[in-house]
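The values are calculated or read from the model by the stated rules, or taken from the named source; none is laboratory data. Not measured: the values here are computed from a predicted model. Because the Cβ atoms are built from the backbone with ideal geometry, glycine has one as well, and the counts that use them run over all protein chains shown.
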Amino acid sequence: MAELIEEQKTVNEIKQVKHSRSGLWFGLIILLIIAALSGIGYTFLTQLRDKQEGLGGEVKGAVSQQISDYQAQLAAIQSQLATVQTDVSNKEFHFNNTVNDFSQLHNEKLDTVRKELLEEIQKLQRQLGKTRGDWLLADAEYLLSVANQRLLLMGDVNTTHEALEAADQRLRESGDAAAYKVREQLAKDISAISAINSADIVGIYATLQMLESQTHSLVLLLPYAGKEVESPVAEIAPTKTKKDNVDGLLGQLEGMVTIRHVQQHVNEILTPEQAQFIREQLGVKLEMVKISLVQQNDVLYQASLNDAQKWLIQNFVKEKEMERFSAALTKLADVRIRSEFPDISLSLKMLRDITKLRVETDKALSGPSSVKSSKNSDDAPAAPAQP
């Protein structure tokens, strides 16, 4: 029993030793596993840290690159904004200057229009305040200005005479005492205008028209070809004798051939175009006479008539019709289409200065009454002296 118990103890001790050894190995294995796992974890953590540091550097570089790009874009945007602000400020300055100039111009126009309106209003007020005598004086002034213009610019004596008489009638109807001196001067002007011998422009023009229509009937001095035969040569009847046939031919030739004696030597025969040119040239010279007549240019009128007279003598035959034509030109040359006109502007100047005439008239009318009153005061007895 004891041995069994001892053996049992021994076995238990052996089992305990085995168990203790197996536990030690198990612990050692666990420790080794833990150490391996720790090393592996440390290595993994180290690698992970290295990777994180690499990734952090890459991210930091990318972020810094993006930040630098953003900063460059921001700088470009700021530069563009500065440019836009400069353009806006320049445009605003230009716009302000334009607005200021426009406003100044508008104000100037408004001032001008305001002044013109004020002047027109004042004119209307003066016109509304005028009496019938003032209107008659204004009408007479207008008639006198028309008379001066028609006489000096156009030489229209008849219209000038009528305008002067109408102005004198207006002055008479006005009843203004100051207009007496103007009417006195008007009487002198009317007398001077009545003494002018004016040319009959319409009659002279009609005469020139008639002469121009007669240029184709004048006979040229030189012979020319191309004259049309009015009737053909009749056939010779076979029953007539030879002498009768010759007489008939001579009679027919008399209608086609004209024998003319000229004083000048004939050097050539004119063509139909040259003959037509000579006649048309005479018509052109007469047209120049008509133009100078309408313009009342006496020098050009006389020169054109002399030129037409010379052309007539040099190129046309001196016969009755040509002599009548030349006599008509000579008669027209004796007419003076523009005379020396008198100066009729003094009456207009006096009428425009009617205020001065009124003052002089008032002085002249008040002079005798003042002299008479002064004489009466001298003749009156002296008043007694006051004590």
### Query
Is it fair to say Lys372 is at pLDDT below 85 and of a type in the set (D, E, K, R)?
yes
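Among the candidates Glu173, Glu116, Glu184, Glu165, which residue alone is under 21 Å from Glu360 (Cβ atoms) and either modelled with pLDDT of 85 or more or touching a Gly at 6+ places or on another chain (Cβ under 7 Å) (or both)? Full working, then the answer.
Values: Glu173 fails: under 21 Å from Glu360 (Cβ atoms); Glu116 fails: under 21 Å from Glu360 (Cβ atoms); Glu165 fails: under 21 Å from Glu360 (Cβ atoms).
Residue meeting the stated conditions: Glu184.
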### Message
Being at pLDDT 75 or above and not in a helix (DSSP H, G or I) is the filter here; which residues of the range 338-368 pass it?
### Response
Phe341, Pro342, Asp343, Ile344, Asp353
### Query
Across the range 330-362, what is the total count of residues that are closer than 24 Å to Leu220 by Cβ and either surrounded by 15 or more Cβ atoms within 10 Å (Cβ to Cβ) or small (Gly, Ala, Ser) (or both)?
2
### Boolean, Ala75 is at pLDDT 85 or above, small (Gly, Ala, Ser) and outside the structural domain of Val182 (by TED's automatic domain parsing)
yes
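Conditions tested, residue by residue: (1) surrounded by fewer than 14 Cβ atoms within 10 Å (Cβ to Cβ); (2) under 17 Å from Trp311 (Cβ atoms); (3) modelled with pLDDT of 75 or more.
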{"residue": "Asp200", "(1), (2), (3)": "yes, no, no"}
{"residue": "Gln214", "(1), (2), (3)": "no, yes, yes"}
{"residue": "Ala225", "(1), (2), (3)": "yes, no, no"}
{"residue": "Glu230", "(1), (2), (3)": "yes, no, no"}
{"residue": "Lys242", "(1), (2), (3)": "yes, no, no"}
{"residue": "Gly255", "(1), (2), (3)": "yes, no, no"}
{"residue": "Leu270", "(1), (2), (3)": "no, yes, no"}
{"residue": "Ile278", "(1), (2), (3)": "no, yes, yes"}
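Need a quick list: helices (runs of 4 or more DSSP H) entirely within the range 100-209 having at least 1 residues that are without any contact (Cβ under 8 Å) to a residue 40 or more places away in the chain, outside the structural domain of Met288 (by TED's automatic domain parsing) and under 39 Å from the mean Cα position of the chain (by Cα). Steps first, answer last, please.
Details: elements: 132-149, 157-174, 180-194.
Passing ranges, in order: 132-149, 157-174.
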### Query
If you check Met322, Met288, which single one turns out to be surrounded by 12 or more Cβ atoms within 10 Å (Cβ to Cβ), at pLDDT 90 or above and either not small (Gly, Ala, Ser) or not assigned by TED's automatic domain parsing to the domain that holds Leu222 (or both)?
Met288
### Query
Mind checking which residues of the range 124-136 are aliphatic (A, V, I, L, M) and modelled with pLDDT under 85?
Leu124, Leu128
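For the range 148-166, what are the residues that are touching an Asp or Glu at 6+ places or on another chain (Cβ under 8 Å) and buried (at least 21 other Cβ atoms within 10 Å of the Cβ)?
Let us first name the residues in the range 148-166 that are touching an Asp or Glu at 6+ places or on another chain (Cβ under 8 Å), namely 150, 164.
Scanning the range 148-166 gives a single hit, Leu164.
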#### Entry: The listed residue being part of a helix (DSSP H, G or I), within 50 Å of the chain's Cα centre (by Cα) and without any contact (Cβ under 8 Å) to a residue 12 or more places away in the chain, out of Lys290, Lys310, Lys285
Lys310
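Give Ala303, Ala308, Ala327 a once-over and let me know the one that is under 22 Å from Thr207 (Cα atoms) and exposed (fewer than 13 other Cβ atoms within 10 Å of the Cβ).
Values: Ala303 fails: exposed (fewer than 13 other Cβ atoms within 10 Å of the Cβ); Ala308 fails: exposed (fewer than 13 other Cβ atoms within 10 Å of the Cβ).
None of the others qualify; the one that does is Ala327.
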